[in-house]
Amino acid sequence: MIVGDTLSRYSARRSQLLSGTASPGEVLEAAGDLLRRRSRLETEGVDAALRGLGRPQVEAWLKAQKPQSLQPVLLRAAEEAVEVALDGGEEADMWRVSALEGLSARDRAASAAHALAVWEGFHGALDGESAQLRDRFLAALQSLDSALHPRARWFIPLNPQRRQERDLLEPAEQDAAWWFSARASCDDLVATWTANPQTLTAHLQDCDACRADMADAAPVDMPPRRHLTADDLWRLDMGLLSEDERTRLDAHTARCGECAQAVLALDEGEAAIEEALDMEEDGTVARSARTSRAPVSHRAHAARLPEQREVLDERRDFRVVLVRERQRVRLLVQPLSGRTVTAAVFLSPGRPSLKPAHGPEGIAFDLTSASSTGARSAHLSVQAGSETLERDFAF
């Protein structure tokens with residue numbers, strides 16, 4: 001996308017605005033697009049178009065607005081933007097165009113809000129239920145921005161196009177339009193997503209946000225802890241591990257299927273011994289030979305139990321559960337009360353996001369393959385009706 005094409009696109013919005021065939025929502029969006037870029041675009045006819053919108057038309061438009069629907073649009077755009085950086089091939093242009101359309105959707109909502117304020121200046125402020133709908137619309141946009149603005153780094157692969165869009169905006173509009181402006185100079189960060197550069201560019205050294213991102217990613221990108229050795233397993237079996245060592249072993253086997261299987265083999269071997277001893281005529285004497293073994297309570301619980309479930313969050317409409325099994329880790333988003341729920345899980349930049357699977361328990365994300373690459377944390381986004389959840393979690 002070049003500047004000329006971008007200008008042509010906004011000029012076409014003016015033609016649509018003046019055609020007299022645009023819907024009230026299209027009038028508000030197009031008028032806001034032009035007013036927010038008045039220094040670069042022709043705005044003649046915009047005021048007349050807004051004056052021509054009647055109050056019932058604007059009120060009907062407000063009733064139909066669902067700004068929360070922009071969240072999955074932006075999350076998909078974030079995923080596609082990362083694909084631009086990771087793919088680099090023929091499909092990169094396709095990902096780029098689609099991701100930019102997601103950002104444009106958020107910008108059109110900002111334009112509609114801007115034009116609505118101008119419309120109220122012409123026709124008088126909305127009141128009653130209409131004022132409540134307006135406030136709800138603006139508050140929902142603010143809530144969306146509060147949740148996703150900190151994730152602006154996902155859109156860095158689109159920076160050349162984002163800068164063009166940002167620079168067309170009026171200076172007073174640029175900072176508020178975070179989808180175009182936030183992290184728009186942080187191009188160098190992309191190189192750290194797929195490699196560990198030996199030297200940092202001047203930008204990476206001076207940019208606080210980039211340094212914070214690299215610091216956050218460092219624990220995720222560290223190689224996994226060493227696997228259990230034969231000595232570790234022997235000391236576990238003999239009950240010689242300290243409390244701290246057992247805690248670390250439990251934590252490791254909770255995320256490492258290979259070591260969990262090794263510890264499970266110890267348990268299964270011990271169960272076989274018990275079964276054989278139960279068959280002995282003198283069971284009491286035989287069992288006394290096992291005093292060197294660790295009590296069952298001292299063994300690695302995470303490896304022995306079929307699964308462990310940890311509720312990460314519970315809301316009125318959904319529950320988020322982290323499930324650790326012997327050789328698998330899953331994240332479940334379980335709808336409650338028959339609600340329709342959408343969810344997405346993003347790994348650190350440089351790794352693809354996880355694809356959901358729908359099953360009887362809800363939306364499931366298999367974290368096992370991600371864990372095997374060294375990933376240890378991710379970002380979860382959930383939407384159910386007007387309720388949203390944004391949080392990082394470790395696995």
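Computed quantities for the displayed model
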| quantity | calculated |
| --- | --- |
| Close pairs (7 angstrom Cβ cut-off, 6 or more residues apart or separate chains): open to solvent by 50 Å² or more (accessible area, probe 1.4 Å) in region 26-43, part of a loop (DSSP other than H, G, I, E, B) anywhere | Arg38/Glu170; Ser39/Glu170 |
| Some residue of region 324-346 being open to solvent by less than 50 Å² (accessible area, probe 1.4 Å), in a loop (DSSP other than H, G, I, E, B), at pLDDT 85 or above and not aromatic (Phe, Trp, Tyr) | yes |
| Failed criterion for Ala78 (all others in (1) open to solvent by 40 Å² or more (accessible area, probe 1.4 Å); (2) within 22 Å of Leu347 (Cβ to Cβ); (3) out of contact with any Pro (no Cβ under 8 Å at 6 or more places or on another chain) hold) | (1) |
| Of the criteria (1) at pLDDT 80 or above; (2) surrounded by 15 or more Cβ atoms within 10 Å (Cβ to Cβ), which one Leu228 fails | (1) |
| Single condition Asp244 does not satisfy, out of (1) at pLDDT below 75; (2) surrounded by 15 or more Cβ atoms within 10 Å (Cβ to Cβ) | (2) |
| Single residue of region 81-99 satisfying the filter (touching a Lys or Arg at 6+ places or on another chain (Cβ under 9 Å) and surrounded by 21 or more Cβ atoms within 10 Å (Cβ to Cβ)) that is farthest from Thr6 (Cα to Cα) | Val82 |
| Residue check for Asn159: surrounded by fewer than 16 Cβ atoms within 10 Å (Cβ to Cβ) and within 24 Å of Glu83 (Cβ to Cβ) | no |
| Residue satisfying condition, being open to solvent by less than 60 Å² (accessible area, probe 1.4 Å), at pLDDT below 60 and over 30 Å from Arg151 (Cβ atoms), within set Ala276, Ala289, Ala265, Ala260 | Ala276 |
| Leading residue by the ranking (nearest to Leu34 (Cα to Cα)) among those in region 162-194 that are open to solvent by 50 Å² or more (accessible area, probe 1.4 Å) and of a type in the set (Gly, Ala, Ser) | Ala172 |
| Qualifying positions in region 127-161 - within 21 Å of Arg36 (Cβ to Cβ) and aliphatic (A, V, I, L, M) | Leu138, Ala139, Ala140, Leu141, Leu144, Leu148, Ala152, Leu158 |
| Failed item in (1) over 13 Å from Phe155 (Cα atoms); (2) open to solvent by 40 Å² or more (accessible area, probe 1.4 Å); (3) at pLDDT 85 or above, with Gln71 passing the rest | (2) |
| Helices (runs of 4 or more DSSP H) (entirely within region 66-175) containing at least 3 residues that are in contact (Cβ under 8 Å) with a residue 60 or more places away in the chain | 70-87, 92-123, 128-148, 159-168 |
| Selection from region 7-25 of residues that are assigned to a helix (DSSP H, G or I) and open to solvent by 40 Å² or more (accessible area, probe 1.4 Å) | Leu7, Ser8, Arg9, Ser11, Ala12, Arg13, Arg14, Ser15, Gln16, Leu18 |
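The values are calculated or read from the model by the stated rules, or taken from the named source; none is laboratory data. In this text the structure is predicted, and so the values were computed from the model without any measurement. Here Cβ is always computed from backbone atoms with ideal geometry, including for glycine, and neighbour counts include all displayed protein chains. For accessibility, only protein heavy atoms count, side chains too; no ligands or nucleic acids. Shrake-Rupley method; radii C 1.70, N 1.55, O 1.52, S 1.80 Å.
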